[in-house]
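Working notes for the structure below.
The values are calculated or read from the model by the stated rules, or taken from the named source; none is laboratory data. Remember, it's a predicted structure, so these values are computed and weren't measured experimentally. Note that we place each Cβ from the backbone using ideal geometry, even for glycine, and neighbour counts take in every protein chain shown.
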Amino acid sequence: MEKEYGKLTSQQFGKLIGSLPEIRKQQVELRELVKMVPKERIDQLLISDYNWGEFYELPFVEHLALVVIAFNLTDTVIAAAESPDPQQQILDAMESLNADPCVDIDQAEPQFFEKQDLIGLLYSLQRTILSIMLFQRTISDLVRDVRENGNLDALFNVIRVDRAAVACPSIADRIARAELSNDKHFFIRFRNALKGPQKKHWEGYCDLRYSLFALRELGFDKLTDLELEKLLVHTLKVYPDNPGARKNLRRQYQLSKKISTI
């Protein structure tokens, strides 16, 4: 079956992007759910060595593989791989999970993992999706940029998305270096990053950024202005239909192509 966007039809692309509002809702619900759990239960679940920062040291594909194994989704992934349309199978599975998003940690029986690991994997996956919406990059890729290139912009973006990532070895090493050299400018930026995403990142276009990320990962780097407008304005509806749409989308598209992959 030939698809307009490599592995996705335009309808499947729309379904993927259409799931983002529900994912954002679940991110808020998870925080609220944790607030309702008694401290005694949290103490029972989070015993020791439960920080999930090290997950971000892994390539995102490996991070995702851990999620699949920990939540016993291996059979679902194998069935999808063996189906005539794996992408549709995965989208259907995502839709089912969105319909019943609550993960009952008490009832879970993970293999090779502790229940506290499930919490870390779930939260770190949600934070990674948020990172894509804000910066068009996974946290794993941002951390790699810190580790290999010493990119401080990437480091502070990681902290904005997930403050627990200070325990990620590549992040912790850079913080220790700044402490050793008494780098005051570093810690001013660090303090600002701890406040979370800036307003400019939250205001609109989260779905557009995610769509551009998906296009990049699908290998589509030669779309015309007309094709961009058709996809992003009319099909996915992640950008308003106005006279400047084509010019603005072309600029966003060109900037997106310069961003590293996952």
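Points worth noting:
- Residue within the range 220-227 that is in a loop (DSSP other than H, G, I, E, B), modelled with pLDDT under 95, touching a strand residue (DSSP E or B) at 6+ places or on another chain (Cβ under 9 Å) and not assigned by TED's automatic domain parsing to the domain that holds Leu155 present: yes
- Among residues of the range 30-57 that are farther than 20 Å from Arg127 by Cβ, those with a Cβ under 8 angstrom from a residue that is assigned to a helix (DSSP H, G or I), sequence gap 6+ or separate chain, pair up as Ile47/Gln116.
For (1) buried (at least 21 other Cβ atoms within 10 Å of the Cβ); (2) in contact with a helix residue (DSSP H, G or I) (Cβ under 6 Å, 6 or more places away or on another chain); (3) under 20 Å from Leu58 (Cα atoms); (4) among the basic types (Lys, Arg), each residue gets a yes or a no:
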position: Arg127; (1), (2), (3), (4): yes, yes, yes, yes
position: Ile139; (1), (2), (3), (4): yes, yes, yes, no
position: Asp145; (1), (2), (3), (4): no, yes, yes, no
position: Phe156; (1), (2), (3), (4): no, yes, yes, no
position: Cys168; (1), (2), (3), (4): yes, yes, yes, no
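- Within the range 1-94, helices (runs of 4 or more DSSP H) holding 1 or more residues that are polar (S, T, N, Q): 10-18, 20-36, 39-45, 74-82
- Look at (1) closer than 26 Å to Arg127 by Cα; (2) touching a helix residue (DSSP H, G or I) at 6+ places or on another chain (Cβ under 7 Å); (3) without any contact (Cβ under 8 Å) to a residue 60 or more places away in the chain and you find that Arg250 fails only one, number (1).
- When each of Leu45, Leu64, Leu73, Leu91 is tested for being among the hydrophobic types (A, V, I, L, M, F, W, C) and at pLDDT 90 or above, the lone residue that passes is Leu64.
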